[in-house]
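*Asks:* To start, I am sharing the structure in question, which I have written as structure tokens.
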Amino acid sequence: MVVRNVRGIGGKKPIPIYVWIPPKKGLNPKVEIIANDGTTYDITNRVLSKGSIKDGVTDLVGSFNLVIDNSDQEYTDKFTGGETLYYYSDYATTATTKRFRGELENISYKQNQIMISGRNPSFRLLEIPVTKSYTDTETSVIVKDLIDNYATEFTYVNVDVSTTNYTVNWYERPLWECLIELCNKSSFMIYADYDKDINYFKDGSRRNTTEAVVESMNILEIKDFAKDLSLIKNKIIVYGREDNGIPVIYTSEDTTSQTTYGVRKLVIKDESILTTTEAQQRADYELALRKDPSTNFGSISSLGLATIQPGDYVRATSPSNAIAPNYYKISSYEHTFNGEVTTLINTQKIKETIPSVLRDRISTEGKLSNTPNPNEMEFSYNIDLTSDSGTHSGTEITGGKLRATQAGGEWVSAELVLPSSATGVEARIEGKDLNGSKIFVSLNGKQTYTQIGGPGTQSLTAITGSTLAIKVYLASATAEVAALAILYNL
């Protein structure tokens with residue numbers, strides 16, 4: 001890069017002019033396959049056009065799809081699947097630096113050509129279920145512990161320490177989804193590199209000072225540089241795990257975004273969320289992430305970029321496309337073999353297609369099909385019966401249940417201060433011998449109570465107030481409450 005100061009008009013402060021100069025030498029690639037018997041095959045000169053290698057950070061698992069010239073039958077039956085593919089690239093005469101690793105998954109033959117495709121080994125992390133909980137634990141510690149317990153074939157030399165602690169409960173959650181959740185919480189990024197080492201690092205911390213994509217020098221095409229409104233969500237409803245059919249619910253919304261873009265709702269079902277506090281943390285985070293339009297910096301196609309890696313920030317400038325000189329994040333890239341290597345970099349999350357939106361919606365609807373929330377309540381006050389709380393009169397909390405010690409026992413919860421006045425409440429109670437039992441709610445600091453239901457009722461009661469407390473009357477001396485909640489709207 002060259003920086004020149006041009007004297008301002010009238011002796012004013014000089015104006016810096018940035019001239020970024022890409023590497024003068026062209027990219028030199030190398031592609032090799034390590035067979036299952038240990039033999040190394042250099043196929044660089046055999047790779048035909050339209051083959052590509054893709055890699056990305058956090059949301060994208062690297063992959064490759066290559067076509068090999070086999071007109072002399074040199075590679076017939078040499079590969080059976082599971083072989084390791086390495087991609088090297090440098091600006092030196094000989095490529096010696098590894099940039100990508102993949103495993104062969106599909107091999108097919110057609111007209112003296114071999115089509116091979118596969119993925120980065122990190123795809124296996126999508127298939128490993130995690131059942132684990134952490135309390136107020138720094139996220140890099142969680143990453144390392146997950147690798148130690150569930151994925152020992154990977155290392156974590158490049159896992160950086162964050163400043164974020166996290167409390168979470170995961171139940172049968174895919175390991176890669178757990179790692180993405182940690183990234184979202186800490187503003188970090190993650191990928192597995194060519195040595196199967198987990199890279200976990202702060203977004204923006206890796207600047208590639210070798211590469212630059214510059215108009216009239218190495219840029220081939222630019223597209224889709226614009227504000228992206230399609231991914232806005234300004235009302236987030238989170239459903240946690242159900243306890244005896246009673247869900248944990250929390251809703252976060254942004255009225256400013258709703259006024260500007262209309263109400264755009266996202267429903268999340270996460271069985272790893274056990275408490276309202278955890279549901280609130282997830283809803284607040286997703287809202288902050290989605291309520292405003294993301295700047296979709298789009299895609300830049302250029303002459304081959306030898307040194308880029310997922311999550312790098314690369315210098316780019318194109319005055320005619322209103323791309324100011326700056327560093328831009330590479331969320332994913334694709335090297336394509338067209339006689340020479342060209343590189344497509346995506347500088348922001350890839351825009352969702354209609355099929356992917358429908359897929360996610362269908363998946364969410366399927367997960368929520370058994371959620372008992374016919375009145376569309378948006379919040380829940382779930383009573384934790386694993387420890388004693390509230391005020392007892394002829395009742396006790398023991399063994400994870402609220403029990404009567406006499407007929408006509410009463411229990412009153414602690415107060416929950418709401419951020420605004422409730423507009424409707426609904427009672428939920430599950431247990432045994434509850435005939436004749438009743439639930440009352442106060443919304444005015446326990447000054448007055450309104451009966452809002454008993455066992456099996458899911459009716460909406462229109463009372464208002466902002467200080468919520470529950471009173472339970474147990475008619476039978478043998479009554480037991482296994483789950484108790486008040487659902488409410490604000």
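A short reminder: the numbers here are calculations on the coordinates, not readings from a lab. Nothing here was measured: the structure is a model prediction, and the numbers come from that model. When we count neighbours, we look across all protein chains shown, and the Cβ atoms used for this are built from the backbone with ideal geometry, even at glycine.
*Asks:* Can you bin segment 284-327 into rounded, prolate or oblate? Criterion: square roots of the alpha carbon gyration tensor eigenvalues sorted a ≥ b ≥ c, rounded for a/c under 1.5, prolate for a/b above b/c, oblate for the rest. Display every interim value, and only then the final one.
*Replies:* On the way: a/c = 2.98, a/b = 1.65, b/c = 1.81.
Oblate, because a/c is 1.5 or more while a/b does not exceed b/c.
*Asks:* Give me P(r) over segment 379-489, computed from all C-alpha to C-alpha distances, binned every 10 Å, as integer percentages.
*Replies:* Spelled out bin by bin, segment 379-489 gives 16, 52, 29, 3 percent.
*Asks:* What whole-number distance in Å separates the alpha-carbon centres of segment 125-187 and segment 76-103?
*Replies:* 29 Å
*Asks:* Then there is this: Anything over 26 Å Cα to Cα? Flag those among LYS265/LYS438; LYS401/LYS446; LYS78/LYS144; LYS98/LYS132; LYS185/LYS233; LYS78/LYS98, in the order listed. Let's see the in-between values first.
*Replies:* Values: LYS265/LYS438 35 Å; LYS401/LYS446 23 Å; LYS78/LYS144 37 Å; LYS98/LYS132 34 Å; LYS185/LYS233 18 Å; LYS78/LYS98 23 Å.
In this structure, LYS265/LYS438; LYS78/LYS144; LYS98/LYS132 lie more than 26 Å apart at Cα.
*Asks:* I would also like to ask the following. Given 0.36 nm per residue, what is the gain on full extension from GLU177 to ASP160 after removing their alpha carbon distance, in nm? Walk me through the numbers on the way to the answer.
*Replies:* Details: separation 17, 0.36 × 17 = 6.12 nm, distance 1.88 nm.
Working it through step by step, the gained length comes to 4.2 nm.
*Asks:* When the chain is fully extended, how far beyond the present Cα-Cα distance does ASN444 get from ALA477, taking 0.36 nm per residue of separation?
*Replies:* Values: separation 33, 0.36 × 33 = 11.88 nm, distance 2.97 nm.
Result for the pair: 8.9 nm of gain on full extension.
*Asks:* Checking the cross-link filter: which aspartates and glutamates have an alpha carbon closer than 15 Å to that of LYS269, excluding same-chain neighbours under 8 positions apart?
*Replies:* Straight-line reach from LYS269, under 15 Å: GLU172, GLU177, GLU181, GLU242, ASP243, GLU278, ASP284, GLU286, ASP360, GLU365, GLU376, GLU378.
*Asks:* R0 = 30 Å: FRET efficiency of LYS432 with ALA462, Cβ-based, nearest 0.05?
*Replies:* Values: r = 30 Å, r/R0 = 1.01.
With R0 = 30 Å, the Cβ-Cβ based efficiency is 0.50.
*Asks:* By how many nm would the segment from GLU153 to HIS392 grow when fully extended, if each residue of separation counts as 0.36 nm and the alpha-carbon distance is taken off?
*Replies:* Values: separation 239, 0.36 × 239 = 86.04 nm, distance 5.35 nm.
Difference between extended and current length: 80.7 nm.
*Asks:* Can I ask one more? Any idea what the relative contact order of the chain is, in percent, if you count C-alpha pairs under 8 Å spaced at least 6 apart? Provide the component values of the computation, followed by the final result.
*Replies:* On the way: 1190 pairs, mean separation 57.5, N = 490.
Once divided by the residue count of the chain, the mean separation gives 12 percent.
*Asks:* Name the residues whose placed amide hydrogens come within less than 5 Å of the amide hydrogen of GLY409, ignoring near sequence neighbours (fewer than 5 apart) on the same chain.
*Replies:* Long-range HN contacts for GLY409: LEU474.
*Asks:* I need the peptides 92-100, 461-469 ranked by packing, meaning the mean over residues of other C-beta atoms within 10 angstrom, with the highest value on top.
*Replies:* Numbers: 92-100: 14.4, 461-469: 16.6.
By packing density, highest mean first, the sequence is 461-469, 92-100.
*Asks:* Something else now. Which residues' amide hydrogens lie under 5 Å from the amide hydrogen of THR97, considering only partners 5 or more residues apart or on another chain, with H built in the peptide plane?
*Replies:* SER89
*Asks:* I would also like to ask the following. From the gyration tensor of the Cα coordinates in the chain, what semi-axes in whole Å does the equivalent ellipsoid have, largest first, with each one equal to sqrt(5λ)? Write down the numbers at each step before the final one.
*Replies:* Working: eigenvalues 606, 164, 70 Å².
Its equivalent ellipsoid spans semi-axes of 55, 29, 19 Å.
*Asks:* Here is a follow-up. Tell me, what is the FRET efficiency for ASP195 and ASN65 to the nearest 0.05, using R0 = 22 angstrom and their Cβ-Cβ distance as r? It would help to have the intermediate numbers written out before the result.
*Replies:* Details: r = 22 Å, r/R0 = 1.02.
Efficiency computed from Cβ-Cβ geometry: 0.45.
*Asks:* Between GLU74 and SER187, what FRET efficiency comes out of the Förster formula 1/(1 + (r/R0)^6) with R0 = 60 Å and r the beta carbon distance, rounded to 0.05?
*Replies:* Numbers: r = 49 Å, r/R0 = 0.81.
Here the calculated transfer efficiency is 0.80.
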